[in-house]
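Quick notes on the structure that follows.
The values are calculated or read from the model by the stated rules, or taken from the named source; none is laboratory data. On a predicted model such as this, the values are computed, not experimentally measured, just so you know. When we count neighbours, we look across all protein chains shown, and the Cβ atoms used for this are built from the backbone with ideal geometry, even at glycine. Ligands, DNA and RNA are stripped out before the accessible areas are found, and what is left, the full protein with its side chains, is counted by its heavy atoms. Shrake-Rupley method; radii C 1.70, N 1.55, O 1.52, S 1.80 Å.
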Amino acid sequence: MENTLRLAVQKSGRLSEGSMKLIKSCGISVSNGIGKLKAKAANFPVEFFFLRDDDIPGYVADGIADIGIVGENVIVEKQKPVDTAHRLGFSKCRLSIAIEKAAQYNGPQDLQGMRIATSYPNLLGKFLDENDIKAEVHEISGSVEIAPSIGLAKAVCDIVSSGSTLFTNGLKEVETIFNSEAVLIANKALSEGKKKVLEQLLFRIKSLQQAKNNKYILLNAPEKNIDAIIEQLPGMRSPTVLPLAQKGWVSVHSVINENDFWAKIEDLKAAGAEGILVVPIEKMIL
Ligand code: ATP
Ligand code: ZN
């Protein structure tokens, strides 16, 4: 079908599980057999290409794939002309500079003249320029963290999540230069038909993200306090208020943002709310 979106995802690695989980949560079913490089979804116009993450920005820029899921670190590093369609909130990590544990560090000027090993020469180069540091950037494609112990470089610039890999290699993190998460990218010249399919996919993704940030809340309260309760729970349009069998009491149902959840619970209890239930929402369409 000509409007089928070709979606590039990482074949195996730290983006793969999150990417396929997101697709499945959007109600799109695909069987990606081991070793397969392509697969078609059964119930949505999308075809998957399973690739190395480094190749995804280039394939999307060239129109070999229409859209892709990749780390923002890779997109910024590769400098390919693609549109960022949406941030996806998984595979969060940071790109940091690390030096030998025993070495002194008082600020970026201590990197002056150092040889730094990295797979991210562009991102590192930008940081060094911004801080007026002249250092020797030594590009290697993997196992960056062992560079100091084999005498290849004095420092490294690499992806970190917990820092334990750095620690076991005798290194300490001294600067974070970029924070990353998975993003959905798109070719800049999608046809109108493909743009429509992308809109449908984004609609599903946003409904999931909305749902994740909100909770469904049910509680019982004395009817006389209902105004104070409603003030705390504006809901999507307005809360549902149902009478309880016991006279003078009502049940209130609404939606509450995850972030102000605890603060509101306090205020609700103060207004006489009891039997408060908070339930996850699977999908939310505003
Ligand atoms: P490929 O074989 O596809 O080239 P890779 O080894 O280059 O894979 P991975 O280590 O799987 O890449 O990381 C892919 C992306 O996942 C990174 O570019 C980054 O955005 C993100 N990432 C890397 N490390 C972590 C981590 N520890 N936690 C969360 N996300 C991470
Ligand atoms: Zn890679």
Extension gain Lys40-Val241, at 0.36 nm per residue separation less the Cα-Cα distance, in nm? 67.8 nm
Share of Cα-Cα pairs in the stretch 88-147 lying beyond 16 Å, as whole percent: 48 percent
Which of Asp129, Asp66, Asp53 moves the most in a Gaussian network model of the chain with Cα springs under 10 Å? Asp129
For the stretch 93-180, give the percent of accessible area contributed by carbon and sulfur heavy atoms, probe 1.4 Å, rounded to a whole number. 46 percent
How much length would be gained if the chain were fully extended between Glu181 and Ser31, taking 0.36 nm per residue of separation minus their Cα-Cα distance, in nm to one decimal? 51.5 nm
Amide H contacts under 5 Å for Val250, restricted to residues at least 5 apart in sequence or on another chain and with H modeled in the peptide plane, are Ala221, Glu223, Leu244
Report Cys93's accessible area, 1.4 Å probe, all protein chains in place, as a number in Å² to the nearest 10. 30 Å²
Calculated [θ] (222 nm, deg cm²/dmol) that DSSP helices of n ≥ 4 give over the chain, each run adding -39,500 (n - 2.57): -8000 deg cm²/dmol
Sorted by average packing, counted as other Cβ atoms within 10 angstrom per residue and highest first, what order do 199-207, 270-278 take? 199-207, 270-278
Please work out the average accessible area per residue across the chain, using the 1.4 Å probe convention, and give it in Å². 54 Å²
Pairwise centroid distance, computed over Cα atoms, of the stretch 137-173 with the stretch 187-248, Å: 45 Å
Here is the link list: Lys78/Lys126; Lys78/Lys206; Lys21/Lys283; Lys36/Lys188. Which ones come out longer than 23 Å on Cα distance? Lys78/Lys206; Lys36/Lys188
When Lys and Arg each count +1 and Asp and Glu each count -1, what net charge do the other residues less than 14 Å away from Cys26, Cβ to Cβ, add up to? +4
Using a 10 angstrom cutoff on alpha carbons, build the Gaussian network for the chain and name the most mobile of Ile185, Ile217, Ile69. Ile217
5 angstrom amide H check on Leu171, placed H, neighbours 5+ away: Lys101
All other residues with a Cβ under 9 Å from the Cβ of Thr4 taken together, and with Lys, Arg as +1 and Asp, Glu as -1, what is their net charge? 0
Once you list every other residue whose beta carbon is under 13 Å from the beta carbon of Leu128, what net charge do they have if Lys and Arg are +1 and Asp and Glu are -1? -3
With all pairs of different alpha carbon atoms counted, what Kirkwood hydrodynamic radius in Å does the stretch 214-280 show? 11.6 Å
For helix 261-270, what angle does its Cα long axis make with the longest principal axis of the chain, in degrees from 0 to 90 and rounded to 10? 20 degrees
Taking the chain as a Gaussian network, Cα atoms linked when under 10 Å apart, which of Lys224, Lys194, Lys212 shows the biggest mean-square fluctuation? Lys224
Table column - 3J(HN,Hα) (Hz), the stretch 206-220, Karplus curve with 6.51, -1.76, 1.60, x for Gly and Pro: 5, 4, 5, 5, 4, 4, 5, 7, 10, 10, 8, 10, 10, 7, 10
Potential extension, Thr165-Arg52 segment - 0.36 nm per residue separation minus Cα distance: 38.5 nm
In whole percent, the Cα-Cα distances of the stretch 32-128 spread across 10 Å bins from 0 upward as 12, 34, 27, 16, 8, 2
So in the chain, what percent of DSSP beta bridges are antiparallel if you round to the nearest 5? 75 percent
In order through the stretch 50-57: 3J(HN,Hα) via Karplus (6.51 cos²θ - 1.76 cosθ + 1.60), integer Hz, x for Gly, Pro: 9, 9, 6, 4, 4, 8, 5, x
Sequence gap at least 6, Cα distance under 8 Å: using those rules, report the relative contact order of the chain to the nearest whole percent. 19 percent
Enumerate the calculated ³J(HN,Hα) couplings along the stretch 96-105 in order (Karplus 6.51 cos²θ - 1.76 cosθ + 1.60, θ = phi - 60°), each rounded to whole Hz, writing x wherever the residue is Gly or Pro. 10, 9, 10, 10, 4, 3, 6, 6, 6, 9
Please list Ile146, Ile226 in order of solvent-accessible area, largest first, computed with a 1.4 Å probe with all protein chains present. Ile146, Ile226
Straight-line reach only, C-alpha to C-alpha below 18 angstrom: list the aspartates and glutamates that Lys40 could link to, leaving out same-chain residues fewer than 8 apart. Glu2, Glu17, Asp66
Place a +1 charge on the Cβ of each Lys and Arg in the stretch 93-180 and a -1 charge on the Cβ of each Asp and Glu, then give the dipole magnitude about the Cα centre in debye, rounded to the nearest 20. 160 debye
Rounded to the nearest 0.05, what FRET efficiency do Gln104 and Leu152 have when you use their Cβ-Cβ distance and R0 = 22 Å? 0.55
Against the globular-protein guess of 2.2 N^0.38 Å, express the Cα radius of gyration of the chain as a ratio, rounded to two decimals. 1.32
How far is it, in nm, from the label point at Trp249 to the one at Glu17 when both lie 7 Å from their Cα along the line to the Cβ? 4.4 nm
Output the Cα-based Rg and Dmax of the stretch 151-244 in Å, rounding Rg to one decimal and Dmax to a whole number. 24.8, 75
